[in-house]
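J.: Dropping a structure here in structure tokens format, bear with me for questions.
The values are calculated or read from the model by the stated rules, or taken from the named source; none is laboratory data. Source: prediction; values computed, not measured. Cβ coordinates were reconstructed from backbone atoms using ideal geometry, including for glycine residues, and neighbour counts include every protein chain displayed. Keep in mind that these areas ignore ligands, DNA and RNA; they rest on the heavy atoms of the full protein, side chains included. Shrake-Rupley method; radii C 1.70, N 1.55, O 1.52, S 1.80 Å.
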Amino acid sequence: MTETPNAGAPNVGTPKADTPTTDPTDPAAPADPATPTVSVVGPGEGETVLLGTTRMRILEDGGTTGHRLGIAESVIAPHTPGPPQHRHAGHDEGFYIVSGSVRFTVGDEEHDAVAGTLVVVPPGAPHTFANVRDEPAVMLSTFTPYPYVRYFRELRDLHAGGEAVTPEAQLRLMRRYATEPAATPGPRPS
């Protein structure tokens, strides 16, 4: 990852009272918030997180964006079921399908999103996704604000423990990130 000062940006200076600040002890915090940097993540770079048959590459963990945005690329293997239908209280999610097809279930509605499709999920909207096809799918995801990136790191750590992840353990983790199962789940992708 290469960082380059953004010479054209105005000096940020002291944040206004309504401007969110970052925690300087957070490892993702920029070194000097008054000097904006540009992040360039090349092919094969970024942090890889393995979640079962899905390989996620964290491209932006919030460190460059003042913790306003997280971005990840996911390669979803064929016939991979998604998470239980759920709702986020604290962040928006965006999903851009780069290749293949991903089935999104939103309440009782199913949408087969093919390459070039953008799906935006605001807080409170029930949703899940899966790859029901015979070929892998590649999806770019955004998290606004960024903290949900940490959920995937913790989920990876749960899986790395060598034991099966129980629904209870996954639910506890989801709740730490203001995420709950949808109250009335729709059909699971098949």
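J.: Conditions: (1) among the hydrophobic types (A, V, I, L, M, F, W, C); (2) assigned to a helix (DSSP H, G or I); (3) farther than 17 Å from residue 91 by Cα; (4) within 15 Å of the chain's Cα centre (by Cα). Residue 171 meets all but one. Number of the miss?
T.: All conditions pass for residue 171, except number (4).
J.: Within the range 65-81, can you find the residues that are in a loop (DSSP other than H, G, I, E, B) and of a type outside the set (Val, Ile, Thr)?
T.: Listed by number, the residues that qualify are 66, 67, 68, 69, 77, 78, 79, 81.
J.: Here is a further query. Residues of the range 108-134 being more than 19 Å from residue 180 (Cβ to Cβ), without any contact (Cβ under 8 Å) to a residue 60 or more places away in the chain and either out of contact with any Ser or Thr (no Cβ under 9 Å at 6 or more places or on another chain) or among the basic types (Lys, Arg) (or both), which ones?
T.: 116, 118, 119, 133, 134, listed by residue number.
J.: Based on what the data block shows, is residue 172 farther than 24 Å from residue 60 by Cα and open to solvent by 30 Å² or more (accessible area, probe 1.4 Å)?
T.: Judged against the criteria, residue 172 is a match.
J.: Looking at 52, 44, which is the one that is small (Gly, Ala, Ser), modelled with pLDDT of 75 or more and surrounded by 12 or more Cβ atoms within 10 Å (Cβ to Cβ)?
T.: 52
J.: Of all residues in the range 108-126, which are under 24 Å from residue 67 (Cα atoms), open to solvent by less than 60 Å² (accessible area, probe 1.4 Å) and in a strand (DSSP E or B)?
T.: Passing the criteria: 119, 121.
J.: Any chance the range 128-145 includes a residue that's open to solvent by 40 Å² or more (accessible area, probe 1.4 Å) and farther than 17 Å from residue 54 by Cα?
T.: yes
J.: In addition: What are the pairs with Cβ atoms under 6 angstrom where one residue, in the range 84-107, is within 14 Å of residue 74 (Cβ to Cβ) and part of a strand (DSSP E or B) and the other, located anywhere, is modelled with pLDDT of 95 or more and basic (Lys, Arg)? Sequence gap at least six, or different chains.
T.: Between residues of the range 84-107 that are within 14 Å of residue 74 (Cβ to Cβ) and part of a strand (DSSP E or B) and residues that are modelled with pLDDT of 95 or more and basic (Lys, Arg), the close pairs are 101/133.
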